[in-house]
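These notes are about the structure you will find just below.
The values are calculated or read from the model by the stated rules, or taken from the named source; none is laboratory data. Just so you know, these numbers come straight off a predicted model, no measurement behind them. For neighbour counting, all protein chains shown are included, and Cβ atoms are generated from backbone atoms with ideal geometry for every residue, glycine included. The accessibility values were calculated without ligands, DNA or RNA, using every heavy atom of the protein model including side chains. Shrake-Rupley method; radii C 1.70, N 1.55, O 1.52, S 1.80 Å.
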Amino acid sequence: MYQPMPTGGPDRVRVPDARRMRQGAWRVARAAVIVIVLLMFFSAGGIAMLVAGEAPALPFAVGGVVAQLSVVALVVGVLRVRVTLVGDTVARTALVAARRLFATVRVVLLVTVALLVGYAVVRLVTGDPWTLLTTGIVGSVLWLLALGLGRLRDGLVDSGTVPPASH
């Protein structure tokens with residue numbers, strides 16, 4: 001079992017409102033369940049359409065699965081920070097790990113959007129305009145997730161709790 005450090009250590013960061021942090025982490029988890037269920041329509045529908053031979057459904061299948069896994073990673077990052085809450089402080093190492101996770105998932109989302117747009121352009125050139133539509137729909141969801149993860153990542157740095165990544 002994980003035993004967090006006592007408050008006051010050099011690896012601890014003070015939280016302005018510990019009660020809100022406790023509640024917020026579980027609110028994120030509950031919202032993630034709802035989002036994952038809603039994204040299931042993209043992934044399951046896209047996979048079913050792919051099995052039926054509909055190539056324009058590939059963005060739905062791939063984008064839906066990537067979006068669902070991204071939401072799971074977001075919840076893991078938030079809960080990992082939440083579990084280190086002791087008194088009114090959290091572990092700095094958990095914040096750094098969450099920042100790294102958010103940055104990595106954001107890159108995966110942006111690469112997925114780029115690959116899906118490339119696929120849609122190739123399909124458009126070959127005479128299939130429908131793939132562009134499906135890419136636009138699922139791409140907007142992936143883009144919004146990437147923006148949110150970027151804001152979370154930048155918020156950890158802007159708050160001064162996490163040092164900026166060294167390049």
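Numbers at a glance
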| quantity | calculated |
| --- | --- |
| Some residue of the range 118-140 being in a helix (DSSP H, G or I) and touching a Phe, Trp or Tyr at 6+ places or on another chain (Cβ under 6 Å) | yes |
| Residue match in the range 53-60 (condition: assigned to a loop (DSSP other than H, G, I, E, B) and closer than 20 Å to L39 by Cα) | yes |
| Of all residues in the range 68-98 being farther than 20 Å from R20 by Cα and touching a helix residue (DSSP H, G or I) at 6+ places or on another chain (Cβ under 9 Å), the one that is most open to solvent (accessible area, probe 1.4 Å) | L69 |
| Selected residue (only one of L74, L144, L95 is at pLDDT below 90, in a helix (DSSP H, G or I) and under 25 Å from A31 (Cβ atoms)) | L95 |
| Residue check for R99: within 29 Å of D11 (Cα to Cα), among the basic types (K, R) and touching a Gly at 6+ places or on another chain (Cβ under 9 Å) | yes |
